[in-house]
1. Once Rh is set to the Kirkwood radius over Cα pairs, what Stokes-Einstein translational diffusion coefficient, in µm²/s, holds for region 257-319 at a temperature of 4 °C and a viscosity of 1.567 mPa s?
2. Can you tell me the order of 273-285, 442-454 when each peptide is scored by its average per-residue count of other Cβ atoms within 10 angstrom, highest first?
3. Taking 56 Å as R0, compute the FRET efficiency from the Cβ-Cβ separation of Asp467 and Lys150 and round it to 0.05.
4. Any chance you could run the full-extension gain for Gln552 through Ser501? It's 0.36 nm times the residue separation minus the Cα-Cα distance, nm to one decimal.
5. Report in % the part of the accessible area of region 276-386 that belongs to carbon and sulfur, leaving out ligands and nucleic acids; probe 1.4 Å.
6. Kindly express, to the nearest 10 degrees and within the range 0 to 90, the angle between helix 2-11's C-alpha long axis and the longest C-alpha principal axis of the chain.
7. Determine the calculated [θ] at 222 nm for the chain from helices alone, applying -39500 (n - 2.57) to every DSSP H run no shorter than 4 residues and normalising by the residue count; nearest 500 deg cm²/dmol.
8. Compute and list, largest first, the equivalent-ellipsoid semi-axes of region 66-151 from the alpha carbon gyration tensor, each √(5λ) rounded to a whole angstrom.
Amino acid sequence: MKKLVLAFIAVALWSFSGNASGQDTLNVTTHDHITINTDQKKGVNSFYEWGVFPSQSENIRRIKMQVTLGHPDSMAIAHWDYLDHIYLRRVGGTQGESEDIELGRLITPYGSSFTRDWSYTWEVDVTDFASLLRDSVEVEYLHSGYEPEKLGWALTVNFEIHTGPAVANPISIKELYKGSFPYGDINDPVENYFTPVKVNYDDKADFGRIRIQHTGHGFGPPDYCSEFCTRWREVVYNDKVIDKRHLWKDCGDNPLYPQGGTWVYDRGHWCPGDLQKPDVYNVDAKAGENIIDVDMMPYVDSVKEVEGREVVAAYFIQYEAPNHQNDVAIEEIEVPSLKQNYGRFNPAVFEPVIRFRNLGSDPLTELKIKYGTKGFKTKTFKWTGALDFWEETTLYLPGIVDFEDGMNLFEVELLRPNGKKDEWKADNALTSQFKSLKELPLEFVVAYKTNYRPEENHLFMINEKRDTVYQRNPWESDSNTVYMDTLKLDPGLYEFELTDSEGNGLEFWAEPQHGYGYLRFLDMEGNILHHFLSDCGNGQFLAFKATEDAKQDTTVSQNAFFIYPRRTRERLELDAFLESPKDMKVRFMSDGEPVEVHEYTNFKQGTLEYFIGYLPKGRYVVEVYLDDKLVHKDRINRD
């Protein structure tokens with residue numbers, strides 16, 4: 001037991017922060033920057049770590065699980081989108097029984113194009129399991145896949161724990177469904193696995209919560225279920241359908257982009273590079289026997305080679321009545337923010353965006369909101385609406401986001417829910433850091449090269465009055481054409497957006513037949529002021545300040561690299577544009593090993609051609625170095 005305690009001290013990293021209202025924030029890190037890889041023989045590889053959580057006597061308000069993947073220190077980064085699970089295993093020490101509860105599931109991103117400084121953090125609420133995340137707890141990260149074992153990830157799993165009175169006291173946790181179920185098998189329909197479950201409430205129970213993790217995997221003709229087919233699911237409580245949804249997710253707006261593989265393709269309730277948020281439903285407690293059921297859209301695989309799998313973990317948590325009547329919590333400041341999950345629309349300038357949740361038993365109908373950037377005048381907004389217990393809403397607040405040069409702090413405080421005193425104020429306020437807007441000159445050029453499908457793309461810019469000051473409509477552009485539009489702007493704030501109606505950007509490696517396009521802002525001498533990513537899915541966004549004495553942000557490189565086609569049998573081109581002449585090296589890599597190297601002295605710009613028809617078919621990574629520093633990576637396929 002002594003060795004176990006010492007192990008806990010070593011692996012469970014604690015940090016504390018408190019505030020005047022009695023709430024502390026604790027961080028319990030179980031997996032601390034460990035290297036994970038696959039086990040090719042088994043297809044799964046488990047990584048177990050222990051953490052020391054608050055004792056049963058301590059009050060827990062909320063728990064958020066944060067999962068970070070990064071480039072590993074000692075090997076090449078992994079490539080594929082594999083399904084990983086985070087499980088709560090033993091509780092109370094090594095002699096404890098495994099709870100076998102899935103805390104969350106992460107689908108790894110296509111990592112081949114990520115550089116060594118890359119990392120990404122996701123977050124999901126796991127408060128439903130707070131009654132088990134106590135004392136010494138074993139957490140398993142189960143990594144799946146069949147990649148070479150010399151490829152991997154750096155993994156960190158952290159639990160951010162907010163102390164304070166529980167929103168509602170938990171009573172029990174019951175497993176409803178768990179497994180990988182066949183979908184489309186006429187002899188073994190999925191309904192064999194989604195059988196009705198009977199539940200009886202504890203005498204103290206006020207409501208129950210159905211929590212479902214559900215993703216579709218496997219694909220094959222004719223319908224490519226379950227990864228690439230949309231299908232509906234119903235959740236039924238006491239013979240009443242309480243939710244019906246299509247298990248489908250738009251991946252073109254994935255905040256983690258671009259990735260090395262087919263990241264833009266929509267999928268069966270998940271996307272590559274995503275920690276899935278569970279589907280959660282609160283239901284009223286009723287005396288006697290209650291029935292929970294899940295129904296899936298009827299489907300038969302006509303080819304009879306069933307590859308579709310519905311991977312499900314569903315739980316039923318019973319709770320006592322909410323502890324407060326009037327209780328609201330700020331969940332997130334989405335704009336402005338430095339958080340990676342909101343990077344597609346940050347920094348923004350015209351409307352702050354927040355999310356808040358009603359944690360009180362009384363419906364929330366009104367709320368006072370104070371907000372603004374620290375150092376500037378505070379704004380006030382009165383919200384009215386209707387939120388039942390546990391419901392949340394996303395709110396766009398009026399007014400611009402004030403800022404100074406450099407880093408800024410945005411503050412939000414929620415006041416007077418339903419015109420009354422909030423019964424737990426500690427989660428009413430939140431701050432977010434954000435960076436000031438990019439500065440651009442009053443006159444510059446929009447350089448836009450269309451691909452073979454310009455009808456999918458729309459460019460537009462608005463000013464502080466929300467007037468459209470520039471746009472290029474889809475019908476105004478010809479295919480494979482360069483447009484150079486000179487803009488002359490008044491001093492002020494602007495937002496520019498590129499949208500793609502098909503969600504595959506100006507270029508996507510798996511669709512070379514669509515050609516490639518690019519979008520850049522140039523100064524009047526032709527130097528790049530800002531370059532947009534062509535592999536951008538649903539589009540890209542830029543907020544900026546136009547000023548006569550614009551200062552270039554020297555911390556952000558304006559070097560531009562473009563490889564096309566990234567799916568080829570023989571030839572490809574590298575279009576490179578550097579801010580200043582440098583020695584450049586281009587390496588073609590296979591699973592971390594160089595197979596071809598090219599070096600260029602005092603290079604500034606140009607188009608370079610390569611012949612790779614002699615290489616074995618497969619996936620390769622192109623690395624670009626400037627003065628021996630890796631600055632760009634792209635995945636290519638030699639077909």
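The values are calculated or read from the model by the stated rules, or taken from the named source; none is laboratory data. Since this is a predicted model, take the numbers as computed values, not measurements. Reconstructed Cβ throughout: ideal geometry from the backbone, glycine too, with neighbour counts over all protein chains shown. Heavy atoms of the whole protein, side chains included, go into the accessibility calculation; ligands, DNA and RNA do not. Shrake-Rupley method; radii C 1.70, N 1.55, O 1.52, S 1.80 Å.
1. Working: Rh = 16.2 Å.
Taking Rh from Cα pairs, D becomes 80 µm²/s.
2. Working: 273-285: 17.8, 442-454: 19.5.
The most tightly packed comes first, giving 442-454, 273-285.
3. Numbers: r = 55 Å, r/R0 = 0.99.
For R0 = 56 Å, the calculated efficiency reads 0.50.
4. Working: separation 51, 0.36 × 51 = 18.36 nm, distance 3.21 nm.
The span from Gln552 to Ser501 would gain 15.2 nm if fully extended.
5. Values: 2310 of 4770 Å².
The C+S portion of the solvent-accessible surface of region 276-386 is 49 percent.
6. On a 0 to 90 degree scale, this one is about 40.
7. Values: 1 runs with 10 residues, N = 639.
Taken over the chain, the calculation gives -500 deg cm²/dmol.
8. Details: eigenvalues 162, 39, 27 Å².
Here the semi-axes work out to 28, 14, 12 Å.
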